[in-house]
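Notes to accompany the following structure.
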Amino acid sequence: MVLIETVTLKQIKIPFIRENSDKIIQLFEFRIPYYVGPLCGESAGCRGKFSWAVRKSYDKIYPWNFNDVIDTESSAEVFIRRMTNKCTYLAGEDVLPKDSLLYSKFMVLNELNNVKLNGASISPELKQKIYTDVFCRCRKVTQKKLRNYLVCEGIADRTVDITGIDGDFKASLNSFHDFKEKLTGAELNQQEKEMIILNIVLFGEDKKLLKQRLKKLFPKLTEGQMKAICTLSYKGWGKLSKKFLEEVTVPDPETGEFINIITALWKTNDNLMQLLYGPLGFMKYVEDYNSGSEKVSLDYESIENLYVSPAVKRQIWQTLKVVKEIRKCMGRDRRIGYF
């Protein structure tokens, strides 16, 4: 490959080359970021099924005006969102990052509510104390740490039999501790912290883009705080959405007030399955929500959007065609409500 230096081009006597030397160099050096993809953006009205780039204007794209025409931040977010799953229980809702403060709290409470001491379930009050005094102080909680805490508080002796968990606790409050240790001077509310975690998951692979986005969203952060945030590494997604944990509500039998799932996990000893199918009956409200949402049409376009390989998509589509053929032969529609 022949390397062309700017200084060499500027020395060429041909006016056109000399005047456009910088642009010529950019033609050789420019690369479209992988998270932008095919340059056919939504604002131009020509987005195809394999493109997701978001445009700022209708101008023709060149290497030297790329950042003026393409919204790289929005394109990167759409790129990641295309690959994330939807909530296990609520149709069409985006899942939370695995390290989200809300999702981390859910994971800890869901595991903690299974703990038994000498075969008996712990009280909600003790569970809340353990969460505050142990999980909010230690990144990794082991059975030994829990046992020591129970002994120090005079709740149990060292012979106490701790069951309901497989070895040490798997869930933790890592992001909670990160903000407590690395951003002590930053005045951030819960929503702002969640937004930072989301942006780290979305743009964490490109630190320059992450820092650029954080400056735009949180101008009050100092350069040191920005640098501390960029050192954090959060990856992956959970299985539940914010709406599922906070907006699906049922009446509390004791007070009559409506409570959501995360509050019920805090106030009771029930894990998620017990909340869904137990006396509180959250599952009925989940089903009501899903029945009120738009019904999914199982055509080939819907199959294309599934997060599976092309080979599996083909198998699913072939199966649906068989079911449609059976319906046609049997003359029944009611039992197969999706078609």
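The values are calculated or read from the model by the stated rules, or taken from the named source; none is laboratory data. Quantities reported herein were computed from a predicted structural model and do not represent experimental measurements. When we count neighbours, we look across all protein chains shown, and the Cβ atoms used for this are built from the backbone with ideal geometry, even at glycine.
Would you check which residues across segment 267-292 are more than 24 Å from the chain's Cα centre (by Cα) and of a type in the set (A, V, I, L, M) and list them? Once the filter is applied, which keeps residues that are more than 24 Å from the chain's Cα centre (by Cα) and of a type in the set (A, V, I, L, M), segment 267-292 yields only Leu280.
Would you point out the residue of segment 16-44, among those that are modelled with pLDDT under 75 and either among the β-branched types (Val, Ile, Thr) or loosely packed, with under 14 Cβ neighbours inside 10 Å (or both), that is farthest from Asp206 (Cα to Cα)? It comes out as Phe16. Name the residues in segment 249-267 that are of a type in the set (Gly, Ala, Ser) and loosely packed, with under 15 Cβ neighbours inside 10 Å, would you? The answer is Gly256, and nothing else. Of all the numbered requirements in (1) without any contact (Cβ under 8 Å) to a residue 24 or more places away in the chain; (2) of a type in the set (Asp, Glu); (3) farther than 30 Å from Leu209 by Cα, Glu181 misses one, and that requirement is (3).
Rundown of residues vs (1) surrounded by fewer than 16 Cβ atoms within 10 Å (Cβ to Cβ); (2) among the polar types (S, T, N, Q); (3) under 27 Å from the mean Cα position of the chain (by Cα), yes/no style:
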residue: Leu117; (1), (2), (3): no, no, no
residue: Asp133; (1), (2), (3): yes, no, no
residue: Tyr149; (1), (2), (3): no, no, no
residue: Leu173; (1), (2), (3): no, no, yes
residue: Thr222; (1), (2), (3): yes, yes, yes
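Every residue in segment 81-99 that is more than 27 Å from Asp288 (Cα to Cα) and surrounded by 18 or more Cβ atoms within 10 Å (Cβ to Cβ), please. Passing the criteria: only Asp99. Take the conditions (1) touching a residue at least 60 places away in the same chain (Cβ under 8 Å); (2) more than 14 Å from the chain's Cα centre (by Cα); (3) not in a helix (DSSP H, G or I); Ile61 misses just one of them, which is (1).
Does Ile303 satisfy the condition of being modelled with pLDDT under 80, aliphatic (A, V, I, L, M) and within 28 Å of the chain's Cα centre (by Cα)? The answer is yes for Ile303. Cβ separations smaller than 7 Å between residues 6+ apart or across chains give the following pairs from segment 73-102 residues that are over 15 Å from Glu247 (Cβ atoms) to residues that are among the hydroxyl-bearing types (Ser, Thr, Tyr) and assigned to a helix (DSSP H, G or I): Pro97/Tyr103; Asp99/Ser175; Leu101/Ser175.
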